[in-house]
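The values are calculated or read from the model by the stated rules, or taken from the named source; none is laboratory data. It should be emphasised that the depicted structure is a prediction, and the values quoted were computed from it without experimental measurement. Positions of Cβ are generated from backbone atoms using ideal geometry, with glycine treated the same way; all protein chains shown enter the neighbour counts. For the accessible areas, the whole protein counts, side chains as well, though only heavy atoms, and no ligand, DNA or RNA atoms are used. Shrake-Rupley method; radii C 1.70, N 1.55, O 1.52, S 1.80 Å.
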Amino acid sequence: ILIVDDDNNIAELISLYLTKECYETMIVNDGEEALKVFDTFKPQLILLDLMLPGIDGLTVCRKLRSEPRTSAIPIIMLTAKSEESDIVIGLEMGADDYLPKPFSPKVLIARIRSVLRRVNHLESEAAGTTLKRGPLSMNRGTREALLDGKPLVLTFSEFEILYLLARRPGWVYTRGQIVNEVKGDDYPVTERAIDVQMVSLRRKLGEYGSLIETVRGVGYRFVQE
């Protein structure tokens with residue numbers, strides 16, 4: 001787990017908690033350094049502080065999401081900001097989760113375990129099965145998404161949401177069902193957060209953004225072919 005936080009005392013404390021849970025950690029204290037470590041340290045998950053010197057956490061997140069080799073690494077943002085607007089911005093930049101400071105070590109560990117459990121489950125799935133829906137092709141085993149044959153760069157959550165909807169065209173999922181399927185039962189996320197993920201997905205789908213339909217008062221669905 002890569003810990004990116006300019007407060008070394010907090011970073012060391014988080015590292016101590018994670019080490020006790022048998023996770024290997026690496027600490028960096030600024031955004032620029034965080035972007036340089038991936039050639040030597042390949043994290044399964046990133047804990048990223050929002051307020052960093054130089055390159056801030058949002059910019060780091062956006063840069064990681066724009067690179068194919070780092071785009072699927074789950075990111076949990078750690079920040080002193082807890083307003084809904086800040087949460088929305090973090091999700092728009094591609095964060096998979098958001099934990100405001102101060103936080104309980106038990107809650108942090110639970111969030112990390114939840115994310116890694118989902119990742120490990122996906123990696124164990126057969127890589128040979130490809131889901132095809134019109135111009136969209138998705139392979140959950142290899143985490144590859146193609147749109148008209150061109151790579152579609154998605155965050156972990158975006159991939160999961162799109163795969164969930166595309167798996168059953170025409171089936172309407174409520175926001176709560178999407179949260180439960182993608183994040184796990186009773187996950188503390190607002191309906192606004194799901195709406196933000198949908199806006200981002202439609203933007204990335206470009207001219208095919210209409211593949212995702214909003215069912216007013218209910219939720220979302222992937223259009224039937």
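Descriptive notes on the structure:
- Looking only at residues of the stretch 6-34 that are farther than 22 Å from Ala80 by Cβ and either part of a strand (DSSP E or B) or among the hydrophobic types (A, V, I, L, M, F, W, C) (or both), we find that the one that is least open to solvent (accessible area, probe 1.4 Å) is Met26.
- Residue in the stretch 138-146 that is at positive phi and either at pLDDT 90 or above or not small (Gly, Ala, Ser) (or both) present: yes
- Here Lys204 meets the list (1) over 18 Å from the mean Cα position of the chain (by Cα); (2) open to solvent by 40 Å² or more (accessible area, probe 1.4 Å); (3) at pLDDT 90 or above almost entirely, failing just condition (1).
- The residue pairs whose first member lies in the stretch 130-141 and is under 11 Å from Arg167 (Cα atoms) and of a type in the set (A, V, I, L, M), whose second member is open to solvent by less than 50 Å² (accessible area, probe 1.4 Å) and not in a strand (DSSP E or B), and whose beta carbons are closer than 8 Å, counting only pairs six or more residues apart or on different chains, are Leu131/Arg140; Leu131/Tyr163; Leu131/Ala166; Met138/Phe159; Met138/Leu162; Met138/Tyr163; Met138/Ala166.
- Selection count, the stretch 207-222, where residues are over 20 Å from the mean Cα position of the chain (by Cα), within 14 Å of Leu152 (Cβ to Cβ) and open to solvent by less than 70 Å² (accessible area, probe 1.4 Å): 2
- Some residue of the stretch 52-59 being out of contact with any Leu (no Cβ under 7 Å at 6 or more places or on another chain), among the small types (Gly, Ala, Ser) and open to solvent by less than 10 Å² (accessible area, probe 1.4 Å): no
- Residue check, Leu165 under 17 Å from the mean Cα position of the chain (by Cα), assigned to a loop (DSSP other than H, G, I, E, B) and modelled with pLDDT of 80 or more: no
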